[in-house]
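I have placed the structure first, in the form of structure tokens, so that the comments after it can refer back to it.
The values are calculated or read from the model by the stated rules, or taken from the named source; none is laboratory data. These figures come from a predicted structure and were not determined experimentally. Methodologically, a virtual Cβ is constructed for each residue, glycine included, from the backbone with ideal geometry; neighbour enumeration extends over all protein chains shown. Protein only, heavy atoms only, side chains kept; ligands, DNA and RNA dropped before computing areas. Shrake-Rupley method; radii C 1.70, N 1.55, O 1.52, S 1.80 Å.
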Amino acid sequence: MRNTLVLNASYEPLTTVSLKRAVVLVLQDKAVVEHAHPLGVVRGTGVSVPVPRVIRLRRYVRVPFRQRAPWSRRGVLIRDQHMCAYCGRRASTVDHLVPRSRGGADSWLNTVAACAEDNQRKADRTPEQAGMRLLRRPFEPTPQASLMMALGLRGGEEGEFAPWLPAAAAA
């Protein structure tokens, strides 16, 4: 689970990382802990680090401006809350509405989360050809929304992350 927010040296949100990756960045002196879990501590041989919830990079990382959230399998699963778009059960795979073999792209609007059974049942067909109905239509999240989803937050649930999130994401 990626539940540690990473800030650039300028305090702008960049991404989320796993607890393990966050601790490594802190131990390598590449990042500092801005906000820690109040009760958690990661202990190792001769070292003790508070469980980081928000870390800030020590050096500024130049990031190209993104108007669109980059597509990823993980992002599709998070966007669809790990629920199958066909039956509503737990999803573990990503299904292409227009199969890649028929020219379908890896894009937000052509992919949905699916359970393995429904993904195999649909096979190399469109949902209409397979006689399967989508419970919800795919959509393209904004970069801010994808960051919120990666943190496991929904609108109005910013809580401890609110001071580090852009006003548009926190509103």
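Carbon and sulfur: what percent of the chain's accessible surface (1.4 Å probe)?
53 percent
So what is the diffusion coefficient of region 1-138 in µm² per second by Stokes-Einstein at 37 °C and 0.692 mPa s, using a Kirkwood Rh over Cα pairs?
It diffuses with D of about 188 µm²/s by this estimate.
At q = 0.18, 0.27 Å⁻¹, what log₁₀ I(q)/I(0) does region 21-96 have when each alpha carbon counts as one equal point scatterer in the Debye sum?
-0.88, -1.11
With a 1.4 Å probe and all protein chains left in place, how much accessible area per residue does region 1-83 have, in Å²?
Accessible area per residue, region 1-83: 64 Å².
How do 50-61, 125-136 rank on mean C-beta neighbours within 10 Å, highest first?
Highest-to-lowest ranking by the protection proxy: 50-61, 125-136.
Just from its helices, what would the mean residue ellipticity at 222 nm be for the chain, if runs of 4 or more DSSP H residues each count -39500 (n - 2.57) and the sum is divided by every residue, rounded to the nearest 500 deg cm²/dmol?
Here the helix-only value at 222 nm equals -5500 deg cm²/dmol.
What is the set of long-range amide H partners of S72 at a cut-off below 5 Å, with H atoms built 1.01 Å from backbone N?
Sorted by chain and number, the residues that satisfy this come to none at all.
Rounded to the nearest 20 Debye, what is the dipole magnitude of region 1-123 about its Cα centre when Lys and Arg each give +1 and Asp and Glu each give -1 at the C-beta?
Charge dipole of region 1-123: 200 debye, to the nearest 20.
Could you order D29, D118 so the one with the most accessible surface comes first? Probe is 1.4 Å.
Sorted descending by solvent-accessible area, the residues read D29, D118.
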